[in-house]
Amino acid sequence: MIFAHDTRIASQLTLSSMALLPIVPILLFPFILVFFVVVVPIWGLSLGVVGLALLLLRGLRWLASRAGVHTLDEPTNGVHRAFRWVLTFGGFTER
C-alpha cells in the first residue's frame with residue numbers, strides 16, 4: 001500500500017513539471033520575433049548591398065583586366081571578404 005502511494009506522488013511530480021513546459025515558447029517568442037522581424041531583414045539588405053558592390057567591382061575589374069590594368073584586384077578581393085563576412089553573420093557561423 002505504501003509503495004502504491006509513492007508511485008502516485010512520483011507521477012504527480014512528473015505531471016506538475018510537465019505543466020511548465022508550454023511556457024518556454026511563450027518566453028522565447030519576443031527573442032524569435034526580434035530576430036526574424038529586425039535582424040534577418042537588415043542582414044538581407046546588407047547582403048544585397050555588399051553583393052551588388054561586389055558584382056559591380058568584379059565587372060569593372062574584368063573591364064580593367066581586358067585593358068591590361070590590374071589596379072582593381074585588391075579592392076575586389078576586399079569586397080569579396082566583406083561579402084563573405086556578411087554572408088556568415090559576421091563570421092559567427094565560421095567559428
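Read-outs: derived from the displayed coordinates by stated rules, not from any lab. Note that the coordinates shown come from a computational prediction; the quantities given were computed from them, not determined experimentally. When we count neighbours, we look across all protein chains shown, and the Cβ atoms used for this are built from the backbone with ideal geometry, even at glycine.
Just grab the label-to-label distance for residue 27 and residue 62, each label 7 Å out from Cα along the Cβ direction, in nm (one decimal). Modelled inter-label distance: 5.3 nm.
On the beta carbon distance between residue 81 and residue 46, with R0 = 22 Å, the FRET formula returns roughly 0.90.
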